[in-house]
Every structure is written in C-alpha cells, then in structure tokens.
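First comes the structure, then the notes that go with it.
Throughout, read-outs are computed from the coordinates displayed, never taken from laboratory work. As the structure is a computational prediction, the values presented were derived from the model and not from experiment. Quick reminder, even Gly has a Cβ in these numbers, built from the backbone with ideal geometry, and neighbours come from all protein chains shown.
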Amino acid sequence: MSTGTHRRADQDRLDDLQASLSKEFEAQTTRLTELTADTGDPGEAHTRQALIAATRQSIEQIAGALRRVADGSYGVCERCGGEIPAERLEILPHARFCVPCQQKQNR
Ligand SMILES: [Zn+2]
C-alpha cells in the first residue's frame with residue numbers, strides 16, 4: 001500500500017481509463033443479461049435481437065481495449081503501429097486504428 005512512488009500522468013490516465021472501461025463493461029454485461037432474459041412482447045423480438053448484437057459488439061470492443069491497456073499496447077494503431085491521437089481516444093476509447101488506417105479499414 002505504498003504511495004511513495006511518483007506515478008506518471010500517463011499511468012494515471014490509463015488507470016482512469018481502465019476504471020471507466022471496466023464500469024462500462026459491467027454495465028453492458030448487465031444490459032446483455034437483461035436483454036437475453038427478457039421474454040416479453042414477441043413483437044419486440046427483432047428489435048431485441050439487434051440490441052443484443054450491438055451490446056455484444058460493444059462488450060467485445062471494451063474487452064479488447066481493456067486487454068490492450070493491460071498489455072501496454074493501448075493507444076497504438078494496430079495497422080501502422082503509430083500513436084492514436086488522444087482526442088480520438090477520448091471520443092472512441094476502444095479505437096484500434098488511427099484515423100487514416102480506420103478509413104482504409106472501412107473500405
Ligand atoms: Zn495507423
């Protein structure tokens with residue numbers, strides 16, 4: 001429980017990020033449980049399926065981001081190895097590519 005080591009701002013930022021990603025992960029997991037447990041109106045089944053798919057996808061994205069935070073590759077573009085700008089990560093915390101690479105990826 002020592003607080004003697006001075007931590008770098010970067011590390012603090014990653015800790016914050018990890019905390020908010022974990023929270024989001026839990027929220028999405030809870031949501032997914034609720035969605036899959038809901039056996040209500042069959043008329044909503046289609047909408048629910050779409051929601052389940054979208055929720056699963058965000059859980060995957062968040063899990064991937066958490067993994068990258070843990071192994072130290074977070075914020076590095078998976079395609080060109082360059083740094084992903086902080087502004088982009090703020091908008092899209094689970095971004096795996098820098099903007100130019102994302103655009104190539106979408107093609
Ligand atoms: Zn890139």
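Do we find that residue 63 is out of contact with any helix residue (DSSP H, G or I) (no Cβ under 8 Å at 6 or more places or on another chain) and away from the ligand (no atom under 16 Å from the Cβ) in this structure? Let's see the steps before the verdict.
Details: out of contact with any helix residue (DSSP H, G or I) (no Cβ under 8 Å at 6 or more places or on another chain): no; away from the ligand (no atom under 16 Å from the Cβ): yes.
For residue 63, the condition - out of contact with any helix residue (DSSP H, G or I) (no Cβ under 8 Å at 6 or more places or on another chain) and away from the ligand (no atom under 16 Å from the Cβ) - is not met.
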Handout entry: Of all residues making up segment 66-90, the number that are within 16 Å of the ligand (Cβ to nearest atom) and either surrounded by 15 or more Cβ atoms within 10 Å (Cβ to Cβ) or among the hydrophobic types (A, V, I, L, M, F, W, C) (or both)
Key = 11
Practice task
Check whether at least one residue in segment 53-62 is surrounded by 13 or more Cβ atoms within 10 Å (Cβ to Cβ) and either touching a residue at least 60 places away in the same chain (Cβ under 8 Å) or touching a Phe, Trp or Tyr at 6+ places or on another chain (Cβ under 7 Å) (or both), and report yes or no.
Solution key: yes
